[in-house]
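Asker: Below are the structure tokens for one structure; questions will follow.
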């Protein structure tokens, strides 16, 4: 199809400049987007551990006769103290695990890949959330500020 008289189009150089500018903007934006996603995943993991802590406190007073915490995440889901997504053990790229034995419980959130987040998290009946870069967090690790 030929151009009509008086119509002008973009030259190849102009189109290449526009594509180069879009490429530069994408190169700047994508790493920032990935870092924001990691931060959001870590925030979700910490919130999941706080939710488990609140659910365990409620379980202890309502169903545990003030002596026994729930043994599993499913035991917290049954009376609707946590949602099914958290009870499944995977949320926002983190593997969530919890075990309860009598008057104690521990919960962990471990990142499923390096792109998910930087830290893994740990909490117990004290309610303090602890973190460790990369590896599985445990009781002796520093608390979140």
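Asker: For helix 12-62, what angle does its Cα long axis make with the longest principal axis of the chain, in degrees from 0 to 90 and rounded to 10?
Answerer: So the helix axis and the longest Cα principal axis differ by about 10 degrees.
Asker: Mind checking the full-extension length gain between residue 26 and residue 67? Use 0.36 nm per residue of separation minus the Cα-Cα distance, one decimal, nm.
Answerer: Fully extending the segment from residue 26 to residue 67 adds 9.2 nm.
Asker: Suppose a student asked you for the relative contact order of the chain, using Cα pairs under 8 Å spaced at least 6 residues apart; what percent would you report?
Answerer: Working: 221 pairs, mean separation 25.7, N = 145.
Relative contact order here is 18 percent.
Asker: Still on this structure, please answer the following. Could you sort 47-54, 86-93 so that the peptide with the highest average Cβ count within 10 Å comes first and the rest follow in order?
Answerer: Working: 47-54: 19.8, 86-93: 17.1.
Sorting 47-54, 86-93 by mean packing, highest first, produces 47-54, 86-93.
Asker: Pop a pseudo-label 7 angstrom from the Cα along the beta-carbon direction at both residue 50 and residue 136 and give the gap in nm to one decimal.
Answerer: Taking the simple label geometry, residue 50 and residue 136 are separated by 2.6 nm.
Asker: What's the Cα-based Rg to Rh of region 1-105, Rh via Kirkwood?
Answerer: Details: Rg = 26.8 Å, Rh = 17.9 Å.
My calculation of the ratio gives 1.50.
Asker: Same structure again: How much mean residue ellipticity at 222 nm does the chain get from its helices, if each DSSP H run of length 4 or more adds -39500 (n - 2.57) and you divide by all residues, to the nearest 500 deg cm²/dmol?
Answerer: -14000 deg cm²/dmol
Asker: When ranked by the protection proxy of mean other Cβ atoms within 10 Å per residue, highest first, what sequence do the peptides 38-45, 78-85, 101-108 form?
Answerer: Numbers: 38-45: 17.9, 78-85: 14.9, 101-108: 16.4.
Descending mean neighbour count gives 38-45, 101-108, 78-85.
Asker: Could you work out how far apart the two model spin labels at residue 104 and residue 15 are, taking each label as a point 7 Å from the Cα in the direction of the beta carbon, and quote it in nm?
Answerer: Here the answer is 6.9 nm between the modelled labels.
Asker: If you don't mind, another one. Just to compare against my own numbers: the Cα pair-distance distribution for region 78-129, 5 Å bins, whole % per bin, please.
Answerer: Per 5 Å bin, starting at 0, the Cα pair percentages come out as 5, 19, 23, 26, 18, 7, 2, 0.
Read the figures in this text as sums done on the coordinates, not as results from a lab. For clarity, every value in this text was computed on a predicted model and none was experimentally measured. So basically every Cβ, Gly included, is an ideal-geometry build from the backbone, and we count neighbours across all protein chains shown.
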